[in-house]
Amino acid sequence: MATHKSAIKRNRQNAKRQLINQMRRTRIKTLTKEVLAAVETGDREAAESALGKAAPVIQRAASRGTLHRNTASRKISRLTKRVNTIPSEASDE
């Protein structure tokens, strides 16, 4: 265990940062599940709304260092592709 002052402080900071990163990752997973649930029901409007909430959160996590920027881009891209597979109701008219 750390015994000098700077190492003790570093451990405190690491524990705090770990909790923050964990909260961010949990939020991303929750929002992702909301998007996927809307895609499963076939509700394009709900899926687009959920994606609109999820994408900025994912991007913010990348800009703050929780996720790598390529990982964030990949997640957003895959979610967007899933939402775009839902047929639009406008073609029914």
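The values are calculated or read from the model by the stated rules, or taken from the named source; none is laboratory data. Bear in mind that the values here come from a model prediction, so they are computed numbers and not experimental data. Reconstructed Cβ throughout: ideal geometry from the backbone, glycine too, with neighbour counts over all protein chains shown. When the accessible area is computed, the model is the full protein with side chains, heavy atoms only, and any ligands, DNA or RNA have been set aside. Shrake-Rupley method; radii C 1.70, N 1.55, O 1.52, S 1.80 Å.
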* To do: Select from the range 78-93 the residues that are at pLDDT 95 or above and open to solvent by less than 60 Å² (accessible area, probe 1.4 Å) and write down the one among them that is nearest to residue 30 (Cα to Cα).
  => 79
* To do: Return the pairs, sorted by first residue and then second, in which the second residue is at pLDDT 95 or above and open to solvent by less than 50 Å² (accessible area, probe 1.4 Å), the first residue lies in the range 71-86 and is within 14 Å of residue 37 (Cα to Cα) and of a type in the set (Ser, Thr, Tyr), the beta carbons are less than 7 Å apart, and the residues are 6+ apart or on different chains.
  => 80/51
* Asked: For residues in the range 54-76 being among the small types (Gly, Ala, Ser) and farther than 22 Å from residue 16 by Cβ, which is surrounded by the fewest Cβ atoms within 10 Å (Cβ to Cβ)?
  -> 73
* To do: Select from the range 26-53 the residues that are of a type in the set (S, T, N, Q) and open to solvent by less than 40 Å² (accessible area, probe 1.4 Å) and list them in ascending order.
  => 32
